[in-house]
Structure formats: C-alpha cells, structure tokens
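Heads up: the structure comes next, in structure tokens.
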Amino acid sequence: MIRVENLSKYYGQGRERKTVLQAIGLHIAQGECVVLKGVSGSGKSTLLSLMAGLEKPSEGAVYIAGEPISKLPDLHQSKQRNRHIGFIFQAYNLFEDMSVYENLLAPLIPRKLPVKEVDRAVSKALEAANIAHKKHTVVRNLSGGEKQRCAIARALVNDPEVILCDEPTANLDKDNAALFTRQLQQLKGAGKTLLIATHDPLFETLSFVDRVVTIEQGRI
C-alpha cells in the first residue's frame with residue numbers, strides 16, 4: 001500500500017545544504033500497522049509529509065496504492081490524497097474560525113456527496129474521535145486535546161485506506177489516548193493501513209502493531 005524508494009530530502013545547496021532524510025526505503029503492506037519511532041528532529045514528520053504528497057522529495061519516490069504520488073502534479077496529488085489518505089497533523093492544521101463540523105465538511109466537498117451521506121460521514125467520524133459534543137463549536141474555542149480529537153475526526157471522515165499519524169497522542173489525556181488506540185485497532189481490523197510517527201512508548205506495547213521502525217538522523 002505504501003512504497004518508499006531511495007527517498008531523500010534536503011534543503012539548500014552546497015555548504016548550506018541540510019539533509020533531513022537520506023536514502024529511505026520502506027514498504028508497508030495493506031492492512032499493516034507500523035510505528036515510526038524517533039526523537040524530535042529525526043525526520044519523522046518530513047517522511048509523513050512526503051508520503052502524503054504535501055512536499056516533494058529531492059530524490060527517490062513514494063507510491064501509494066501503486067500511484068507515484070511524489071511525482072504527480074499538485075492537483076493530482078490533492079485528488080490522490082483526498083481519495084486514499086487521512087493525515088493527523090501534530091500541529092492540527094485546522095481552520096480556527098470554522099466550527100468542528102465545518103472542518104470535517106471541507107474534505108468532503110470535492111466528492112459532491114448527497115447531504116444525508118455527508119452528515120452520516122461527519123457524525124460517524126465525530127463519534128469515533130469522541131468530539132461529537134463539540135460539533136458546532138468554533139475551533140479557536142477548543143482546548144488542545146479537543147483540537148487533536150477534531151484533527152483525528154477529520155482524518156477519518158473520508159474513510160481513507162491509509163492513515164498517517166504524526167504524534168497523534170501528544171495533546172491527549174490518558175482516557176482519550178486509550179480511546180484513540182482502540183479506534184486504531186478497529187481501523188486495522190477493517191483493513192486500513194496505519195503509519196504512526198511517535199516517540200510515545202504507549203505504541204510499542206500495543207498488540208495490533210505489526211512493526212516498530214526506528215528513524216535516526218534521517219535514516220531508517
């Protein structure tokens with residue numbers, strides 16, 4: 001489902017060049033749950049951004065469901081991302097002046113679904129992330145943990161095949177972190193492919209995690 005081939009990412013040129021990722025190779029099968037472990041600054045977030053087509057690699061390629069997402073034009077990348085990928089951002093990346101409901105509505109707009117189907121998808125995602133009671137609250141009025149749960153719900157609303165999680169429990173309390181891990185287990189049971197970038201030791205103890213992959217200084 002995810003294939004990363006000889007992937008490198010660097011910024012700048014010559015002596016100013018900073019290498020963030022170097023010659024990454026990683027294959028993740030459909031339905032597999034992989035934890036990407038590494039300290040802050042190891043390259044985890046950059047790797048996830050490249051997998052989602054949010055950044056372009058300096059070298060190498062990323063394939064999602066057989067499509068070379070890293071090589072597609074921006075518009076086609078967006079379509080592939082909307083169709084296949086749910087992304088839980090560490091920094092939330094929510095629309096602060098919109099309600100929780102409106103934030104979940106946004107990814108569904110390109111699909112032009114019937115109103116009832118949209119409401120059903122939003123409600124299901126809100127319940128799964130334990131944030132339904134804040135459905136009509138403007139995001140700027142949410143706590144950090146509530147924003148994280150809204151971000152989780154938004155990643156689930158399109159029923160994606162691949163879910164990329166960047167430090168998903170960083171702002172969750174113990175109860176909601178446990179709820180989130182149960183949701184991940186259910187998603188894996190439904191055949192979703194999960195990649196969780198984290199340094200939270202909780203994920204190394206979960207029975208449904210298939211592999212823990214360590215990244216250090218931009219290398220697997």
Subset tally (residues that are closer than 23 Å to Ile163 by Cα and either polar (S, T, N, Q) or open to solvent by 90 Å² or more (accessible area, probe 1.4 Å) (or both)) for the stretch 4-27 = 3
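For every residue, the table says whether it meets (1) over 24 Å from Leu105 (Cα atoms); (2) at pLDDT 95 or above; (3) buried (at least 19 other Cβ atoms within 10 Å of the Cβ); (4) in contact with a Gly (Cβ under 7 Å, 6 or more places away or on another chain).
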| position | (1), (2), (3), (4) |
| --- | --- |
| Gln148 | no, no, yes, no |
| Ile152 | no, no, yes, no |
| Asn158 | no, no, yes, yes |
| Ala170 | yes, no, no, no |
| Asp173 | yes, no, no, yes |
| Ala178 | yes, no, no, no |
| Gln186 | no, no, no, no |
| Thr198 | yes, no, yes, no |
remark   = How many residues of the stretch 30-53 are more than 26 Å from Arg182 (Cα to Cα), open to solvent by 20 Å² or more (accessible area, probe 1.4 Å) and touching a residue at least 12 places away in the same chain (Cβ under 8 Å)? The answer is 1
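Residue-by-condition table, conditions (1) open to solvent by less than 20 Å² (accessible area, probe 1.4 Å); (2) out of contact with any strand residue (DSSP E or B) (no Cβ under 9 Å at 6 or more places or on another chain); (3) modelled with pLDDT under 95:
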site	(1), (2), (3)
Ser99	yes, no, no
Ile109	no, yes, yes
Thr137	no, no, no
Val162	yes, no, no
Glu167	yes, no, yes
ask   = Within the stretch 202-211, can one find any residue that is in a helix (DSSP H, G or I), open to solvent by 20 Å² or more (accessible area, probe 1.4 Å) and under 18 Å from Ala128 (Cβ atoms)?
value = no
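Could you name every one of the strands (runs of 3 or more DSSP E) located completely within the stretch 1-88 that has at least 2 residues being modelled with pLDDT of 95 or more and among the aliphatic types (A, V, I, L, M)? Talk me through it step by step, then tell me what you get.
Values: elements: 2-11, 18-28, 33-37, 59-64, 85-88.
Strands (runs of 3 or more DSSP E) meeting the threshold: 2-11, 18-28, 33-37, 59-64.
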ask   = Ala91 versus (1) outside any helix (DSSP H, G or I); (2) over 18 Å from the mean Cα position of the chain (by Cα): which is the lone unmet condition?
value = (2)
query = Which ones in the stretch 76-91 are over 23 Å from Gly31 (Cβ atoms), of a type outside the set (S, T, N, Q) and surrounded by fewer than 18 Cβ atoms within 10 Å (Cβ to Cβ)?
reply = His76, Lys79, Ala91
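The values are calculated or read from the model by the stated rules, or taken from the named source; none is laboratory data. Model, not experiment: these values are computed from the prediction. Note that each Cβ is placed from the backbone with ideal geometry, even for glycine, and that neighbours are counted across all protein chains shown. Please note that ligands, DNA and RNA were not included when accessible areas were found on the heavy atoms of the full protein model with its side chains. Shrake-Rupley method; radii C 1.70, N 1.55, O 1.52, S 1.80 Å.
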